[in-house]
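I have placed the structure first, in the form of structure tokens, so that the comments after it can refer back to it.
The values are calculated or read from the model by the stated rules, or taken from the named source; none is laboratory data. In this text, all values refer to a predicted model and were calculated from it rather than measured experimentally. Using ideal geometry, Cβ is built from the backbone for each residue, glycine included, and neighbour counts are taken over all protein chains shown.
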Amino acid sequence: MGAKGSKSKNSQKKLTQEDMLKLSKKTHFSLEQVQKIYRQFHSLSNSQIADNLIDIHEFQAALGLSSTEFTERIFAAFDSDGSSEIDFFEFVIGLSALSPAATLEEKATFCFAVYDIDKNGFIDKNELKEVLTFSLVGNASVHLSETQLEKIIEITFKKMDTNGDGEISLEEFTIEAKKNPAILSCVNLNLEGLLG
């Protein structure tokens with residue numbers, strides 16, 4: 001949904017077979033999977049306004065996500081140009097980072113983008129707290145007090161901020177992800193419907 005203009009030139013461009021082939025080489029998807037994703041993307045992106053762009057509501061429907069601030073952070077990680085809309089290229093690149101075939105580094109880069117709210121290339125304590133809080137909302141099995149949450153943030157920073165500058169860089173985040181892949185849980189989405 002989005003006649004905001006930032007992508008209108010690209011949104012009306014017909015995707016060629018060559019474009020799809022380039023995407024299949026740049027991602028973890030076969031040409032056939034890219035074509036299937038394109039058909040689904042085209043249907044989704046035109047569900048409200050025929051603009052070939054996905055807004056947050058269409059994104060939630062595509063991935064079967066509920067409307068939460070955490071979903072908005074995942075959307076922002078897909079929306080690499082910050083236009084509040086996702087074009088097909090952003091969609092496929094984002095899905096590739098979430099696919100089972102994605103490398104740990106690709107998943108770490110994507111997950112880092114979820115946490116890096118201000119997109120300055122670093123995660124500070126406030127961003128970590130905000131995203132952790134978002135991710136816990138609606139999770140009935142996890143109940144943390146403010147004190148417990150603060151303790152988790154302090155422990156996380158002590159472990160990950162290896163140079164002690166008060167921020168976590170992508171490099172520091174990736175190093176910790178190699179030691180503890182569970183921190184990449186933000187990229188565990190079911191893509192079967194889009195790829196199957």
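A few notes on this one:
- Among residues of region 155-172 being without any contact (Cβ under 8 Å) to a residue 12 or more places away in the chain and over 19 Å from residue 184 (Cβ atoms), the one that is surrounded by the fewest Cβ atoms within 10 Å (Cβ to Cβ) is 164.
- Any hit, region 117-131, residues being outside the structural domain of residue 72 (by TED's automatic domain parsing), surrounded by fewer than 14 Cβ atoms within 10 Å (Cβ to Cβ), more than 17 Å from the chain's Cα centre (by Cα) and in contact (Cβ under 8 Å) with a residue 24 or more places away in the chain: no
- Check on residue 84, closer than 28 Å to residue 168 by Cβ, in contact (Cβ under 8 Å) with a residue 40 or more places away in the chain, of a type in the set (Gly, Ala, Ser) and crowded, with 16+ Cβ neighbours inside 10 Å: yes
- For region 132-189, a tally of residues being modelled with pLDDT of 80 or more, part of a helix (DSSP H, G or I) and either within 20 Å of residue 105 (Cα to Cα) or over 19 Å from the mean Cα position of the chain (by Cα) (or both) returns 29.
- Residues in region 46-94 that are in a loop (DSSP other than H, G, I, E, B) and under 10 Å from the mean Cα position of the chain (by Cα): 79, 80.
- Boolean, residue 92 is in contact (Cβ under 8 Å) with a residue 60 or more places away in the chain and closer than 24 Å to residue 146 by Cβ: no
- Just one of the listed residues (104, 23, 53, 98) is aliphatic (A, V, I, L, M), modelled with pLDDT under 90 and either buried (at least 19 other Cβ atoms within 10 Å of the Cβ) or touching a Lys or Arg at 6+ places or on another chain (Cβ under 7 Å) (or both), namely 98.
- Where a residue in region 52-72 is more than 20 Å from residue 135 (Cβ to Cβ) and assigned by TED's automatic domain parsing to the domain that holds residue 89 and its partner, wherever it lies, is surrounded by fewer than 18 Cβ atoms within 10 Å (Cβ to Cβ) and of a type in the set (Lys, Arg), with Cβ under 9 Å and at least six apart: 52/13; 53/4
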